Amino acid sequence: MTAEIEWVTGVLRVGRSFEEHGDPYDFSCTINRRGDCAELIGGNGTITPQIWRDVKEALMAQGVTHAHWDRLNNAPRSIVANSANQLSIQPSEVAHYTLNS
């Protein structure tokens, strides 16, 4: 008999001065993972195009190919990366996009 643990929840931290655990960061969120899809929830902090690129890179390095990231702040909106690798805000749309597009 054997046992296996599949971790499905994590915390993401990213920022200009962030290099390792304990460093200051500009943005953090909880990630729920199912296979190659990650749902980012409970975000807090500043989101810039560079932070989103860093988030994408970190997710892809872990084998994630799709991300679902809804942001509710005054009005529902989803934050996604478009083909130009820039931050894109689309009101009232669900974010479930391929990360490598």
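Just a few scattered comments:
- Enumeration of residues in region 32-44 that are within 14 Å of VAL14 (Cβ to Cβ) and free of Cβ contacts under 8 Å to residues at least 24 places away in the same chain: ASN44
Rundown of residues vs (1) out of contact with any Lys or Arg (no Cβ under 8 Å at 6 or more places or on another chain); (2) more than 15 Å from ILE51 (Cβ to Cβ); (3) open to solvent by 80 Å² or more (accessible area, probe 1.4 Å); (4) not in a strand (DSSP E or B), yes/no style:
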| position | (1), (2), (3), (4) |
| --- | --- |
| THR2 | yes, yes, yes, yes |
| GLU6 | yes, yes, yes, yes |
| SER17 | yes, no, no, yes |
| PRO24 | yes, no, yes, yes |
| THR30 | yes, yes, no, no |
| GLU39 | no, yes, no, no |
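- Odd one out for ILE79, checked against (1) at pLDDT below 90; (2) surrounded by fewer than 17 Cβ atoms within 10 Å (Cβ to Cβ): (2)
- Pairs where the first residue, in region 1-23, is of a type in the set (A, V, I, L, M) and the second is open to solvent by 80 Å² or more (accessible area, probe 1.4 Å), C-beta under 7 Å, 6+ apart: VAL8/ARG34; VAL14/TYR25
- Odd one out for ARG13, checked against (1) part of a loop (DSSP other than H, G, I, E, B); (2) touching a strand residue (DSSP E or B) at 6+ places or on another chain (Cβ under 6 Å); (3) not hydroxyl-bearing (Ser, Thr, Tyr): (1)
- Identity of the residue in region 41-55, in a strand (DSSP E or B) and closer than 15 Å to HIS68 by Cα, that ends up farthest from the chain's Cα centre (by Cα): GLY42
- Condition met for ASP70 (of a type outside the set (Gly, Ala, Ser) and at pLDDT 85 or above): no
- Against the test of being polar (S, T, N, Q) and at pLDDT 85 or above, the options THR30, THR98, THR46, THR65 yield a single qualifying residue, THR30.
The values are calculated or read from the model by the stated rules, or taken from the named source; none is laboratory data. Predicted model only: the values in this text are computed from it and were never measured. Positions of Cβ are generated from backbone atoms using ideal geometry, with glycine treated the same way; all protein chains shown enter the neighbour counts. The area values use the complete protein model at the heavy-atom level, side chains included, leaving out ligands, DNA and RNA. Shrake-Rupley method; radii C 1.70, N 1.55, O 1.52, S 1.80 Å.
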